[in-house]
Amino acid sequence: MSSLIVEVYGKKDCSLCKEATRIIGRVNEEMPFKFKHVDISKCEDLTRRYSDNIPTVFINGQKVFKFRVDEGEFRKKVRKEFIRSGLSRLKDKTESVARA
């Protein structure tokens with residue numbers, strides 16, 4: 001499993017949230033990542049911050065979509081993060097070998 005984390009902030013009764021979750025689920029089948037749905041209705045602070053902006057989608061803590069998720073764009077962003085995290089792991093490995 002990758003270290004890539006995708007979070008959707010939304011509500012259970014939100015049709016846009018359900019659609020975003022379906023899209024993210026399809027991409028997750030192709031490129032596995034950790035997926036978390038955050039129900040904002042369970043936290044007063046999250047409800048205050050996001051109630052007018054759901055769903056809000058984050059990849060590794062970065063906001064990437066609000067309201068609607070474009071599947072092609074989401075797929076590109078996930079690939080980009082996979083590449084970025086792979087390069088960063090490679091760099092860390094190279095640096096540790098150089099120090100040895």
If the chain between residue 34 and residue 48 were fully stretched, how many nm would it gain, using 0.36 nm times the residue separation less the Cα-Cα distance? 2.5 nm
Step through the table entries 11/80; 42/77; 11/76; 11/36, compare each Cα-Cα distance with 23 Å, and write down the pairs that go over it. 11/80; 42/77; 11/76
For segment 5-99, the Kirkwood Rh over every pair of distinct alpha carbons, in Å, works out to 14.4 Å
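All of the numbers you see were taken from the coordinates with simple rules; none came from a lab. Model, not experiment: these values are computed from the prediction.
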